[in-house]
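Report on one structure; see the data block that follows.
The values are calculated or read from the model by the stated rules, or taken from the named source; none is laboratory data. Only a predicted model underlies this, so the values are computations on that prediction, with no experimental measurement involved. Because the Cβ atoms are built from the backbone with ideal geometry, glycine has one as well, and the counts that use them run over all protein chains shown.
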Amino acid sequence: MNISNERNNCTECEHRMTCVGAAAGNRDASQRIRIERHTSLYEAGSMVGDHIFNIRKGSFKVLRAAQCGPAQIIGFALAPDFLGLDALDSRLYANTVVALEDSEVCSINWNRHAFEGRRRPVMRASLHALLSREIRREQRAALMLRNTQAEQRMADLLLSLSQRRAEYGHEPEQFRLPMSRCDIASYLGVTAECVSRLLLNFKQRALFELRRRDIKLLDMPALHHLALGRAPSPPVLVAA
């Protein structure tokens with residue numbers, strides 16, 4: 001982990017519309033931290049400080065220790081998501097967060113911004129929107145993992161990544177998958193071989209194009225049907 005002494009100019013950051021640091025109106029509300037691939041931002045059991053982390057670039061996986069066996073991935077975080085919100089009321093982190101690629105986060109003092117939020121309506125609205133968005137994602141993830149069919153869970157994961165990109169003003173149907181197939185398997189609760197079969201099956205059904213980790217979603221309605229456990233509607237034939 002490389003902690004830079006350089007302060008961020010929040011007013012010029014591309015993520016300023018979704019960041020509580022920028023909403024505070026400070027030009028240097030956060031400190032930049034660079035994390036190399038496969039390096040932990042923080043680990044389960046470590047002390048929680050006064051900061052939350054806004055992903056400036058890159059991506060992370062969130063792992064929770066299992067009672068037996070390896071830790072399981074319980075989520076993925078992409079720029080400009082926040083990390084550390086689940087530990088605000090605790091002394092110790094419950095999860096381990098590991099960079100999927102060379103990444104960069106902004107470390108933001110939560111206590112200072114929470115205090116500012118009590119005085120400034122714009123800041124308070126930003127804090128509420130942030131927490132509400134995280135709750136919705138947790139609820140969606142919990143519902144998705146209850147699905148018994150692996151293809152439902154895979155379709156929902158792709159739609160979730162697409163929706164998050166749309167929320168942040170990015171292209172929702174074309175993006176890069178930063179996680180490996182083993183990471184996806186851990187998150188979905190299946191084997192890596194199952195993930196490979198699902199990706200091949202989806203590709204053969206023209207649901208997406210996949211070149212290495214670059215994916216382009218081709219049939220959003222069909223993916224929505226799959227995520228809901230329904231068979232996609234047959235194409236409508238038009239008489240000549």
Where a residue in the stretch 33-45 is over 8 Å from Asp102 (Cα atoms) and its partner, wherever it lies, is polar (S, T, N, Q), with Cβ under 8 Å and at least six apart: Ile33/Asn2; Ile33/Ser4; Ile33/Ser107; Ser40/Thr96; Tyr42/Thr96; Glu43/Thr96; Ala44/Asn95; Ala44/Thr96
Residue that is surrounded by the most Cβ atoms within 10 Å (Cβ to Cβ), among those in the stretch 70-86 that are in contact with a Leu (Cβ under 6 Å, 6 or more places away or on another chain) and under 15 Å from Ala99 (Cβ atoms): Ala77
Residue match in the stretch 53-66 (condition: assigned to a loop (DSSP other than H, G, I, E, B), under 19 Å from the mean Cα position of the chain (by Cα), loosely packed, with under 14 Cβ neighbours inside 10 Å and at pLDDT 90 or above): no
Count of the stretch 192-214 residues which are over 14 Å from Leu226 (Cβ atoms) and within 21 Å of the chain's Cα centre (by Cα): 6
